[in-house]
Protein chains: 4
Amino acid sequence: MCSTLIHQNPQILSDKRTVGLVCKPGRMEIERIADRIAQLLISHNINIEIDPGSCHVEQDNIVSIPIEDMDVDFVVTIGGDGTILYTLSKLKDRATPIFCVNRGTVGFLTETGTTTAFDALEKVIAGECIIETNVNISSGVGDKVFPDALNEVYVVSKIPGRLLTMQIFLDDVRIDYGRADGAMLATPSGSTAYALAAGGSILAPDVNGLIFVPVCPPRFELKSIVIPDHATLEIELVKKGTSGLAVIDGQTRWDIEPHDKIWLKKSEAVTKFIRLYDNYYDRLNTRLIPRTL
Amino acid sequence: MCSTLIHQNPQILSDKRTVGLVCKPGRMEIERIADRIAQLLISHNINIEIDPGSCHVEQDNIVSIPIEDMDVDFVVTIGGDGTILYTLSKLKDRATPIFCVNRGTVGFLTETGTTTAFDALEKVIAGECIIETNVNISSGVGDKVFPDALNEVYVVSKIPGRLLTMQIFLDDVRIDYGRADGAMLATPSGSTAYALAAGGSILAPDVNGLIFVPVCPPRFELKSIVIPDHATLEIELVKKGTSGLAVIDGQTRWDIEPHDKIWLKKSEAVTKFIRLYDNYYDRLNTRLIPRTL
Amino acid sequence: MCSTLIHQNPQILSDKRTVGLVCKPGRMEIERIADRIAQLLISHNINIEIDPGSCHVEQDNIVSIPIEDMDVDFVVTIGGDGTILYTLSKLKDRATPIFCVNRGTVGFLTETGTTTAFDALEKVIAGECIIETNVNISSGVGDKVFPDALNEVYVVSKIPGRLLTMQIFLDDVRIDYGRADGAMLATPSGSTAYALAAGGSILAPDVNGLIFVPVCPPRFELKSIVIPDHATLEIELVKKGTSGLAVIDGQTRWDIEPHDKIWLKKSEAVTKFIRLYDNYYDRLNTRLIPRTL
Amino acid sequence: MCSTLIHQNPQILSDKRTVGLVCKPGRMEIERIADRIAQLLISHNINIEIDPGSCHVEQDNIVSIPIEDMDVDFVVTIGGDGTILYTLSKLKDRATPIFCVNRGTVGFLTETGTTTAFDALEKVIAGECIIETNVNISSGVGDKVFPDALNEVYVVSKIPGRLLTMQIFLDDVRIDYGRADGAMLATPSGSTAYALAAGGSILAPDVNGLIFVPVCPPRFELKSIVIPDHATLEIELVKKGTSGLAVIDGQTRWDIEPHDKIWLKKSEAVTKFIRLYDNYYDRLNTRLIPRTL
């Protein structure tokens, strides 16, 4: 019923007692944290699958397995929001819960800093945590389906600095048209990310909606619009000769040709974050919005 | 279930066969249109109650009755959105359907221009129309309840150009705080009015949400947030010494004192517009948003 | 030639060796700082004129004199930007240099915090400082001249939440027109204050320009425009029946009637801040703009 | 002294009596207008150099010469602002006056529509016109100099939807830093184009300034800033691994590598438009800004 469903005191570990580990690559201090987290998990008799492309930890009980082949109870990411979105773009089962340690610039989606990570992880293993379920967006052109997005699908001109001319349809009714750098459809989670930077309003996590946000429309032709999450939005590229890209969570890029009509709607899939408590507004006020009071 | 419910082919006239008439006052050409509309209604054996404060039409079958005492099947307004909001602020039964003829600057809420008004009214009398139901906002301080709002409740400093310091609560959780000229909660209908001018996103009519929009926050402390329409928002004035006003649809103003906590939520009441068809996006694109294509 | 002229190693004290002292009233800790600052000045054989309305310090060498009657080498303010703007609104000679200690929420205009205030003041007395000269705006209706503004003159509807309809003239050419809550003309100094909150761009201190910023224009009719500082802007209220106010630096309010044409232009007067060095961009980046890097 | 210098009653034709002709390619109705304009020029004994890449007109007195080799008294463009910017990107002498006939979507820079083009051109040939001089921006990396820009130089991530991390320097002082899609420096002419869509204020034509505008900065780190036109702005890409592009007037793209520092400043070159009179604010109000009054 809700965009974000809060599940209290969940069963975190199954019989397989296996956790995945993914890091932001190329930073020594992150490998040191990964090493300590691995030790903590091992001390609880938990098996570890570690992504060889992003992290190197040498210990017993650790198996090197790429993200796309992980079969785990949950994944620990160490990095920022980019590391989370990268992990999601690779995971076979997007509903695998993720516990996120922050070593990024903003880390709005992350749960814990590095100093508190170990205590927090102890609590998670003890089941003293919640699962926060987040809506995803499905998109594609005709039968071709793009990967799901946690934050947003951004349709943008393939050539930087060139405008797209678009028609926007909501459940087959043309609701908007005009030119812009591009336009995106974002989830409540994504409404605090790129969509916010482009001028959209924030959607509270339990709003049953998605937000359409144009980027830099000249002459103010296109406006950001919140649509119900049972609707299908379509973006049609009308200008002869201009090719576009669908950018999924800033991670993968898919070609869109002139006259293509990309459809976007709420996905069957969801993303699950492990959190110590329902801390959305705490994170909003401390990580995202400047404060002076 | 929906913010805006569309009711097809409604029963427009009851046995009382009575229609109210309200005009934007002081303009001769509007009185002439009122006169012709009265003739049309009379030719259909419909009784007319006319607001003496806004309009003077001398004909049989017309009774002078102020808006607050009207007991009618529907009301015809001639003017702009201001005339509609004024009528709503006076009507005893807010759910009385309204058919709106545009003689205002923008007239986003209105249904028809003056040239097409007579044909349109013929269709309405024949029941070839729809009823569009719009959410209202209820607000107050403690037990004191302000009038319902169709568009928005705007909490603003009583002294123009002075900031309010506010704390914002959503279902008793403090979600935001900071300084601004003021802040409003708007319905989907109001999301295309003042809330849009203040930087909020548009809410499609069938989104089950309301939008909180701060006005001119220095240092970008407060952000516009869409909340679910089952939630209660509270705005608490915290700064010692600064008094505020709650402005309901730009029509009436109610004192708010420092430390008062104004509550705002979806009302039991609704507003009903008579329209020829479900023309929301047509009105959005032709009346609200500049077009060059 | 420049909006902000930087004067290196100025002569701070004249033969009268007298300094004014103004506080944000009603706060004990500010009076304690005022007391210590008074001691420091006395130890340098400097006379003190203290504003009786805002501050109570009992010591020899201190004379109680209201701001408007002060005849001093410079004024020390303790408080925030509001205290500075209040002092400016009272000072007979607006060009009296001001040294500003921050005890406010933002304090963008202030020079020093309270812990560093005493060392900083020692340097000022030794002449190891600069004088930063800031443009003021003069405004009025016909022969009636309003007080000068350091930051902005804001023309706003007298009734909160009601729109003004305005025509804008630049050197007698009508350049813009439309409706809004109000509109302001701001100096480079004011471009980081209310004008920024209303959506205007920042003017670097040495830009020879002023910025016109409309507040919440519906339908995006009016745009913020930077004009050369040798031009005269006029704002004409055209809507029958709507009265306005000219708000000068948020301090004083002056009636404007429908059909009045308020003129605004660069003033002969200037405001002078005493600073330890030319620290504009340091203040911009640490006090005004949120940072995450 | 001024960004835009107005030159009254200029000498439009020299002894060579030669005019260039450039069209938006691929549209029959534009070729028909080009044909009629060619006839009009020939009837005044004016020679014509026509760009073979954009336009095909078969008549005597017409020579096919690419834009880059034209040696003419002025150029007539038929198309929109894109056609003008394309012509400028090719012209050997950027100061060649241009007379612009509008067949584009907005055509803010153009002088005349197609129906009035012929009368207007008669007046131009008779010298009953003005020359409007517009500032250009020069930019480059080290010794490598990019082509001049009439509107803006936009530094953007090479990969659409990826952020750049930038440091901004003004005359060697670091004034700003943060992440964004990109950032641009725009002239007064460009302040009504892409810079406006990205949220910048408009610069009146006679403001001696340039405007820096970031595009979609998350967390609102970077702000649009007007700088004096005697200053040099530098944008340094700091993030390891992210490459950028400098987009000149939306026409040409130049690689920028991580750690490159692109400099931008007012150019020695200018752009000259032929207009019937000084009609900047007329064009602003009729072509750029939506109006309802």
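The values are calculated or read from the model by the stated rules, or taken from the named source; none is laboratory data. Remember, predicted model here, so these are calculated numbers, not experimental data. Cβ sites come from the backbone with ideal geometry, for glycine too, and all protein chains shown count toward neighbours.
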Of all residues being surrounded by 24 or more Cβ atoms within 10 Å (Cβ to Cβ) and more than 7 Å from chain A (Cβ to nearest Cβ) in the range B:197-213, which is modelled with the lowest pLDDT? Just the residue, please. B:205
First in the range D:125-153 and under 14 Å from residue D:249 (Cα atoms), second anywhere and among the acidic types (Asp, Glu), Cβ under 6 Å, 6 or more apart: D:136/D:148; D:138/D:148; D:149/D:249; D:150/D:249; D:151/D:249
Condition first: at pLDDT 90 or above, part of a loop (DSSP other than H, G, I, E, B) and of a type in the set (D, E, K, R). Now tell me which residues in the range A:89-116 satisfy that. A:92, A:93, A:94
Looking at the structure I just gave you, is residue A:149 within 12 Å of chain D (Cβ to nearest Cβ), in contact with a helix residue (DSSP H, G or I) (Cβ under 8 Å, 6 or more places away or on another chain) and of a type in the set (Gly, Ala, Ser)? yes
Out of curiosity, is residue A:17 modelled with pLDDT under 95 and either among the basic types (Lys, Arg) or within 30 Å of residue A:228 (Cβ to Cβ) (or both)? no
When you go through A:116, A:87, A:112 one by one, which is the residue that is within 24 Å of residue A:269 (Cβ to Cβ), among the hydroxyl-bearing types (Ser, Thr, Tyr) and out of contact with any Pro (no Cβ under 6 Å at 6 or more places or on another chain)? A:87
Count of the range C:226-238 residues which are in a strand (DSSP E or B) and more than 12 Å from every other protein chain (Cβ to nearest Cβ): 4
Complete set of residues in the range A:239-291 that are free of Cβ contacts under 8 Å to residues at least 40 places away in the same chain, surrounded by 15 or more Cβ atoms within 10 Å (Cβ to Cβ) and within 10 Å of another protein chain (Cβ to nearest Cβ): A:253, A:281, A:285, A:289, A:290
Could you list all residues from the range C:90-108 that are in contact (Cβ under 8 Å) with a residue 60 or more places away in the chain and closer than 27 Å to residue B:220 by Cα? C:100, C:101, C:103, C:104, C:106, C:107, C:108
Residue within the range A:196-208 that is touching a helix residue (DSSP H, G or I) at 6+ places or on another chain (Cβ under 9 Å) and in a helix (DSSP H, G or I) present: yes
Check residue B:173 against each of (1) buried (at least 16 other Cβ atoms within 10 Å of the Cβ); (2) touching a Phe, Trp or Tyr at 6+ places or on another chain (Cβ under 7 Å); (3) more than 14 Å from chain C (Cβ to nearest Cβ) and name the one condition it does not meet. (1)
Just one of (1) assigned to a helix (DSSP H, G or I); (2) under 20 Å from residue A:163 (Cβ atoms); (3) within 14 Å of chain B (Cβ to nearest Cβ); (4) of a type outside the set (Lys, Arg) trips up residue D:191, so point out which. (3)
Residues that are farther than 15 Å from residue B:120 by Cα and of a type in the set (Val, Ile, Thr), drawn from the range B:20-53: B:22, B:30, B:42, B:46, B:48, B:50
Selection over the range C:151-168 where residues are in contact with an Asp or Glu (Cβ under 6 Å, 6 or more places away or on another chain), surrounded by 19 or more Cβ atoms within 10 Å (Cβ to Cβ) and of a type outside the set (Val, Ile, Thr) yields a count of 1
For the range A:67-88, how many residues meet the condition of being assigned to a loop (DSSP other than H, G, I, E, B) and free of Cβ contacts under 8 Å to residues at least 60 places away in the same chain? 4
Step by step: first the residues of the range C:90-129, then only those that are of a type in the set (Gly, Ala, Ser) and in contact with a strand residue (DSSP E or B) (Cβ under 6 Å, 6 or more places away or on another chain), then the one that is farthest from the other protein chains (Cβ to nearest Cβ). Which residue is that? C:95
Out of curiosity, is residue D:232 more than 30 Å from residue A:286 (Cβ to Cβ), crowded, with 17+ Cβ neighbours inside 10 Å and polar (S, T, N, Q)? no
Just give me the residues in the range A:32-66 being among the charged types (D, E, K, R) and in a loop (DSSP other than H, G, I, E, B), in sequence order. A:51, A:58, A:60
